[in-house]
Amino acid sequence: MAGRRQQVPVQFTGVYEDYAAALSGAVLNSDTRRAYDARVRSFLSWLAATDRNGASPLADPQDRDSAVREYRTYLKTVAERAASTVEAHLTALDNFYGHLGLGRPQVHRDKLPRLAPRALDVGEQKRYLRAVERRRLARDRAAGLLLLYAGLWVSELVALDENDVPLSARKGKVTVRAGKGGEWREIPL
């Protein structure tokens, strides 16, 4: 359905149009408004296609939670959406149900996988090292090299004291006293 605007089922047209009008005036980024709109239309289409046995998911909080849980399962298993996409749909539904006055659906949220930061490729590393070498002050060159070779975060580098980088003729180390998450670590040089 990429590129095609999903139609809103007839039974939900009034609710959707009211939401769309409120969404157009919301203090949100235009991309966010567009994404919320598409995700709510998708949910309403799914809702119309399922047998709710007289339940009222747009008026009753318990029916809301049940319907959103089933929709979450549908997105994960049938539509095979990624965890981040499922979370994005749930966030749009939080906004939709907030507009309806029912509040945020009580649905279990999966923790999103933590992705490793993207590393510099070989060409980017060479360009970075050339830029570091052009720095006039030895302190600036040392800071640039620590970022690359010791894997420090900028905030960790800024927090270093002279005593945190003891050097001798044969060895050295960097002591990060309050790294990300308050962690302490030593990095050999």
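Below, the figures for the structure above:
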| item | result |
| --- | --- |
| Total residues in region 131-155, condition over 29 Å from Glu183 (Cα atoms) and surrounded by 13 or more Cβ atoms within 10 Å (Cβ to Cβ) | 1 |
| Within region 102-130, considering residues that are of a type in the set (D, E, K, R), closer than 30 Å to Gln62 by Cβ and open to solvent by less than 90 Å² (accessible area, probe 1.4 Å), the one modelled with the lowest pLDDT | Asp110 |
| Flag if Leu58 is within 20 Å of Val8 (Cβ to Cβ), free of Cβ contacts under 8 Å to residues at least 60 places away in the same chain and not acidic (Asp, Glu) | yes |
| Candidate set: region 149-189, residues that are in a strand (DSSP E or B) and closer than 16 Å to Arg139 by Cβ; chosen: the one nearest to the chain's Cα centre (by Cα) | Val174 |
| Pair list, Cβ < 7 Å and 6+ apart or interchain, from region 110-124 residues that are touching a residue at least 60 places away in the same chain (Cβ under 8 Å) to residues that are open to solvent by 100 Å² or more (accessible area, probe 1.4 Å) and among the β-branched types (Val, Ile, Thr) | none |
| Filtered residues of region 161-175 (kept if β-branched (Val, Ile, Thr) and open to solvent by 100 Å² or more (accessible area, probe 1.4 Å)) | none |
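Let's see how each residue does on (1) of a type outside the set (Gly, Ala, Ser); (2) modelled with pLDDT under 90; (3) under 26 Å from Glu124 (Cβ atoms):
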site	(1), (2), (3)
Gly144	no, no, yes
Trp153	yes, yes, yes
Pro166	yes, yes, no
Gly181	no, yes, no
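The values are calculated or read from the model by the stated rules, or taken from the named source; none is laboratory data. Predicted, not measured: the structure shown is a model, and the values here were computed from it. Note: ideal-geometry Cβ built from the backbone for every residue, glycine included; neighbour counts use all protein chains shown. We work out accessible area using only protein heavy atoms, side chains counted, and drop any ligands, DNA or RNA first. Shrake-Rupley method; radii C 1.70, N 1.55, O 1.52, S 1.80 Å.
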